[in-house]
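Everything below concerns the one structure shown next.
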Amino acid sequence: MTERWSRDQVLALAPDASSQKAAQGVAAAGKWSLRGTTGTVLYGECKGSGARPYLAAVDLSEPAYRCSCPSRKFPCKHALGLLLLWSADGVPAQEAAPQWVTEWLDGRAERAAKSAARLDAARTRLATTPGTAPSARDAGPSAPGASAAVPGAGPSAPGTAPGTVPGTVPGAGGRVESVRHQRVAAGLAELERWLADQVRQGLAGAQEHDWDGLAKRLIDAQAPGVAGVVSRLARVRAEEGWPGRLLEEYALVNLLAIAYRRRAALPDPLAQTVLIRTGFPITREEVLAGPPVRDHWDVLGRRDETQDRLTARRVWLRGRRTGRPALILSFAPQGQPLDASLVTGTTIDADLTFYPGAAPLRALVALRHPTTPPPAAPQAVPPEAPPEAPPEAPPEAPPEAPPGVSPGEALDEVAWVLGEDPWTESWPLVLTGVVPGRTTLGGLPLHPRAHDPWRLIAVSGGRPLTVAAEWTPQGLRPLTTWDDEGTAVIL
């Protein structure tokens, strides 16, 4: 049995405001000729404009959505309307679902089994093949098979010495470096000179076209991670108090360039962080093949951000047992559906695999386990034994807020993170016993765009709360809080 979601949690799944409004229009029992739930799946038939009703179903264990309507939005208004009915206890329980629902669930189970088999095969292959596991320097000077990871580098690249691996060139100290590393090193060397000139000449002359040109040259140098940071400097220039912020960004970019140049002397996790932030990719298969971390993960909140016609969704998690934070990132072109499988305020039992780094945060959901343990097998009753009354079902446990820490402990955690990875831009926190104000939360400053959090203040009423928030260098962004009944309130 899946814990019932609140109305806020359902509406937060909508891809946009118009979908929220449309979903509330179909969230009426009279719109549905059939509706039911088996505890883990919702289904219903909703009247539409055609002769046949739309068939909508929601697998609550994932969650996953299906609807026969032609809408390109995901989840559509029918799936959301069905969820709203369920959140208001308007969907009756049934013993079995219709055939079209069971066929959909069987197909999902079959695809999940195939995916799990492929994942096991990939882990076995990586474990038995030397040199294929990602490491701090495998994208570096002497990585086996480095030539295969050099896009566009042919076997006769300029400067390739006889006897070297195709796509590599001799480097300083007799090391063999890939062609890409040569290009990235040249691009970052130019970046260091450019930054020195900027600081020497003063920040007042900084113009947007300067950053655009520099970002394009870094793309040509195959350092897309650094190019992305440089391209965002125009937004910093438009912020209040931009001189200090711009100087901070320049310092971090310069530190990254120096760290890349000296990566051979860095500890492996930090060197891996430098390579990833510079723009060296790690495939999804490599990450999924890493060691999984199983825990009950609280879904703390999410934030969508659109840039360059691409929408990025950040979903923050925190493990109940391990206390580890995690970030699930997904991307989609503007207007296209994003991953809606993680519902804010719920807890999932799952295996997560983390991207490598000094302070691992980004992760992938490798495997989700059932939210409730399977029922015990029935025991045979001797014929002479008197029949026993069926045990009463245990009362449904009320929802509860995830465990949190005090503001002081949260600051200690952030200090540790920045010590390990100084380029960290955000980090999830769960603060307990904090009273929100107009510009602060538990004494910690709020992000300028999060000032006056009236909804959070209204839930608090002057009393301390548990609040999930995203830490950023500019301040906290509140994500979710929990009311007196343990219900998640999305902020």
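The values are calculated or read from the model by the stated rules, or taken from the named source; none is laboratory data. Keep in mind the model is a prediction, meaning the values are calculated, not measured. As a convention, Cβ positions derive from the backbone with ideal geometry for all residues, glycine included, and neighbour counts pool all protein chains shown. Remember, those area values only see protein heavy atoms, side chains included, never the ligands or the DNA or RNA. Shrake-Rupley method; radii C 1.70, N 1.55, O 1.52, S 1.80 Å.
Overview of results
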item: In region 102-120, residue surrounded by the most Cβ atoms within 10 Å (Cβ to Cβ) [restricted to those that are farther than 16 Å from Asp351 by Cβ and without any contact (Cβ under 8 Å) to a residue 12 or more places away in the chain]; result: Thr102
item: Residues being open to solvent by 40 Å² or more (accessible area, probe 1.4 Å) and part of a helix (DSSP H, G or I) - total across region 203-214; result: 6
item: Enumerated strands (runs of 3 or more DSSP E) restricted to region 242-357, each holding at least 2 residues that are at pLDDT below 90; result: 293-307, 310-319, 325-333
item: Among the candidates Arg245, Arg235, Arg263, Arg200, residue that is closer than 16 Å to Arg180 by Cβ and either among the β-branched types (Val, Ile, Thr) or not assigned by the TED database to the domain that holds Leu361 (or both); result: Arg263
item: Residue identified as of a type in the set (Ser, Thr, Tyr), open to solvent by 40 Å² or more (accessible area, probe 1.4 Å) and within 25 Å of the chain's Cα centre (by Cα) among Ser68, Ser49, Ser61; result: Ser61
item: Lys73 open to solvent by 60 Å² or more (accessible area, probe 1.4 Å), at pLDDT 90 or above and of a type in the set (Lys, Arg); result: no
item: Filter result for the condition that a residue is open to solvent by 30 Å² or more (accessible area, probe 1.4 Å) and either among the hydroxyl-bearing types (Ser, Thr, Tyr) or within 24 Å of Asp421 (Cβ to Cβ) (or both), over Arg200, Arg217, Arg235, Arg263; result: Arg235
item: Matching strands (runs of 3 or more DSSP E) fully within region 11-106 where at least 1 residues are farther than 24 Å from Arg368 by Cα; result: 32-37, 41-46, 54-59
item: Meets criteria (in contact (Cβ under 8 Å) with a residue 12 or more places away in the chain and over 26 Å from Val10 (Cα atoms)) for Phe280; result: yes
item: Any pair with Cβ under 9 angstrom, 6 or more apart, that starts in region 422-449 at a residue that is more than 30 Å from Ile258 (Cβ to Cβ) and ends at one that is basic (Lys, Arg) and crowded, with 18+ Cβ neighbours inside 10 Å; result: Val430/Arg318; Leu446/Arg477; Arg449/Arg477
item: Of all residues making up region 266-289, the number that are within 28 Å of Asp120 (Cβ to Cβ) and open to solvent by less than 40 Å² (accessible area, probe 1.4 Å); result: 7
item: Region 458-484: number of residues that are in contact with a Pro (Cβ under 7 Å, 6 or more places away or on another chain) and surrounded by fewer than 20 Cβ atoms within 10 Å (Cβ to Cβ); result: 3
item: Given (1) open to solvent by less than 40 Å² (accessible area, probe 1.4 Å); (2) of a type outside the set (Phe, Trp, Tyr); (3) at pLDDT 90 or above; (4) under 30 Å from Arg245 (Cβ atoms), index of the condition Ala186 fails; result: (1)
item: Matching residues in region 237-257 - criterion: being within 10 Å of Leu191 (Cα to Cα) and in contact with an Asp or Glu (Cβ under 7 Å, 6 or more places away or on another chain); result: Asn254, Ala257
